[in-house]
Amino acid sequence: MRFHFKTTYDQDIRLFPDGWTLSLYLALLVLMLVMPWLISDFYLGEMTNVLIWAVAGLGLMLLTGQTGQVSLGHSAFMALGCYLCVNFMEAGLPFLAAFLAAGVVTGIVGAIVALPALKLHGVYLAIFTLALAILADDLIVILEHWTGGVNGYFAPEIWIFGIEVNRWINPAAWYYLALGTALFVTLMYRNLLRSPLGRAFAAVRDSEISAQAMGVDVARTKTIAFGLSCAFAGLGGALMGLFAGAFNNETFNFLIAIQLLMMIIIGGLGFIHGAFLGAIVIAFLPQFLSILTDQLGSASIPGLEIGVFGMILIAFILFEPMGLYGRWLKIRIWLELFPFARRDMFRRQKTYLKTERLR
């Protein structure tokens, strides 16, 4: 059993709570780095897909899990990041510069879009962002000069420091590109949570009235959260479109946004680990269902994937609202406190301010 006795504020905000945790993450990093030599190209491609979903999921997690703002329109910002990246590359920028510039511009656009939505809460904000996702489909068709319309784009060649990043010729390069992006976004996310801005995000999530009373600029905090969230989603969208090889207006439909929301709920809302656990479910469940139907000798069942996703989501909302990572935390605490752990320790508490009950 390990206890952390914190005597200074610096200990509370350090990146890793202790050396043991740091060693575990270093071991995991080594395992991820040698993954191309341990698994086949097929499963390496699936791992790349997991990392891409995780990058986009971290963007939505920052907004919904850390700031409490529900969004159903992140598929629009994923599409924006993808098309911006391709257009920047066609303008002559190298891939890395175009990729980062696409994320920055997507974040700026997201912050601008957030301005009229600052007064919206809960389901009203969700409806507003869902309208954005549906509108994005039409905008992609209308702006055919930059998006290719319904015909879409074929992903251009990607070269990084003289190395071709090609899904079919060099899948390991694509894997390392996705892994590097996931590490970059995760470190930015983690360090953001340790900053005063990250504490402001949590204050706005828990109670906007209390946060405002403590001197937090709620409008500014929401705008920054939305912008950073869209920037991360834009990076994930750029990777998703380029990894697919071809994309058009149907690639980033609003169902992608629904899957993102399902992913962070299943993985664990408010936890960085939850984005990765949810990405594993989102990426591997369709493959698992396909393999299962083939082994059973049955034909493909229309709507099976969506139906299974829906049942899983309902099960987690009813029986484990904290998601997979929340369940793991309960198991870990139970093992650490055994035989003194009691079931009531994990009972869900409901707390809210009287002034916010009807919001």
Discussion item. Cβ contacts < 9 Å: first residue open to solvent by 80 Å² or more (accessible area, probe 1.4 Å), restricted to the range 287-308; second residue modelled with pLDDT of 75 or more and β-branched (Val, Ile, Thr), any location; separation 6+ or different chain. Result?
Written reply: 300/293; 301/293
Discussion item. Restricting to the range 188-217, name every residue that is closer than 10 Å to residue 67 by Cα and modelled with pLDDT of 85 or more.
Written reply: 198, 199, 200, 201, 202, 203, 204, 205
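To keep it simple, each residue is scored yes or no on (1) touching a residue at least 12 places away in the same chain (Cβ under 8 Å); (2) in contact with a Gly (Cβ under 6 Å, 6 or more places away or on another chain); (3) closer than 19 Å to residue 118 by Cβ.
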position: 173; (1), (2), (3): yes, no, no
position: 187; (1), (2), (3): no, no, no
position: 191; (1), (2), (3): yes, no, no
position: 215; (1), (2), (3): no, no, yes
position: 235; (1), (2), (3): yes, yes, no
position: 251; (1), (2), (3): yes, no, no
Discussion item. Criterion first (open to solvent by 40 Å² or more (accessible area, probe 1.4 Å), hydroxyl-bearing (Ser, Thr, Tyr) and at negative phi) does residue 40 satisfy it?
Written reply: yes
Fill in: Subset of the range 115-124 [open to solvent by 60 Å² or more (accessible area, probe 1.4 Å) and part of a helix (DSSP H, G or I)]
115, 116, 123, 124
Worksheet item: If you take the residues in the range 196-213 that are small (Gly, Ala, Ser) and without any contact (Cβ under 8 Å) to a residue 12 or more places away in the chain, which one is farthest from residue 226 (Cα to Cα)?
Response: 213
Worksheet item: Of the residues that make up the range 195-217, is at least one under 15 Å from residue 272 (Cα atoms) and open to solvent by 30 Å² or more (accessible area, probe 1.4 Å)?
Response: no
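Just give me the residues in the range 19-68 being among the hydroxyl-bearing types (Ser, Thr, Tyr) and in a helix (DSSP H, G or I), in sequence order.
Those that are among the hydroxyl-bearing types (Ser, Thr, Tyr) and in a helix (DSSP H, G or I): 21, 23, 25, 43, 48, 64.
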Fill in: Odd one out for residue 145, checked against (1) under 23 Å from the mean Cα position of the chain (by Cα); (2) farther than 25 Å from residue 12 by Cβ; (3) open to solvent by 60 Å² or more (accessible area, probe 1.4 Å); (4) free of Cβ contacts under 8 Å to residues at least 12 places away in the same chain
(1)
Discussion item. With the structure loaded, tell me whether residue 245 is touching a residue at least 24 places away in the same chain (Cβ under 8 Å) and touching a helix residue (DSSP H, G or I) at 6+ places or on another chain (Cβ under 6 Å) or whether it fails that test.
Written reply: no
Discussion item. Being surrounded by fewer than 24 Cβ atoms within 10 Å (Cβ to Cβ) and of a type outside the set (A, V, I, L, M) is the filter here; which residues of the range 68-102 pass it?
Written reply: 68, 87, 88, 90, 92, 94, 95
Practice prompt. Determine whether residue 276 is open to solvent by 30 Å² or more (accessible area, probe 1.4 Å), in contact with a helix residue (DSSP H, G or I) (Cβ under 8 Å, 6 or more places away or on another chain), aromatic (Phe, Trp, Tyr) and over 22 Å from residue 140 (Cα atoms).
Written response: yes
Fill in: Any chance residue 19 is open to solvent by 50 Å² or more (accessible area, probe 1.4 Å) and at pLDDT below 90
yes
Discussion item. Please return the ranges of helices (runs of 4 or more DSSP H) entirely within the range 204-278 where 3 or more residues are within 26 Å of residue 25 (Cα to Cα) and not hydroxyl-bearing (Ser, Thr, Tyr).
Written reply: 218-244, 254-267
Worksheet item: Which condition number does residue 62 fail, the rest of (1) under 19 Å from residue 253 (Cα atoms); (2) modelled with pLDDT of 90 or more being met?
Response: (1)
Worksheet, complete the sentence: Filtering the range 150-203 for residues that are assigned to a helix (DSSP H, G or I) and either among the acidic types (Asp, Glu) or under 23 Å from residue 88 (Cβ atoms) (or both) leaves a count of 13
Worksheet item: Of the residues 140, 112, 134, 127, which single one is part of a helix (DSSP H, G or I), open to solvent by 80 Å² or more (accessible area, probe 1.4 Å) and touching a residue at least 60 places away in the same chain (Cβ under 8 Å)?
Response: 134
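Within the range 218-230, track down each residue that is of a type outside the set (D, E, K, R) and either in contact with an Asp or Glu (Cβ under 7 Å, 6 or more places away or on another chain) or open to solvent by 20 Å² or more (accessible area, probe 1.4 Å) (or both).
Those that are of a type outside the set (D, E, K, R) and either in contact with an Asp or Glu (Cβ under 7 Å, 6 or more places away or on another chain) or open to solvent by 20 Å² or more (accessible area, probe 1.4 Å) (or both): 218, 219, 223, 224, 228.
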Worksheet item: From the set of residues in the range 317-328 that are part of a helix (DSSP H, G or I) and either among the β-branched types (Val, Ile, Thr) or farther than 11 Å from residue 277 by Cβ (or both), which is most open to solvent (accessible area, probe 1.4 Å)?
Response: 319
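The values are calculated or read from the model by the stated rules, or taken from the named source; none is laboratory data. Predicted model only: the values in this text are computed from it and were never measured. In this analysis, Cβ positions are derived from the backbone assuming ideal geometry, glycine residues included, and neighbour counts consider all displayed protein chains. Heads up: the accessible areas ignore ligands, DNA and RNA and are worked out on the full protein's heavy atoms, side chains in. Shrake-Rupley method; radii C 1.70, N 1.55, O 1.52, S 1.80 Å.
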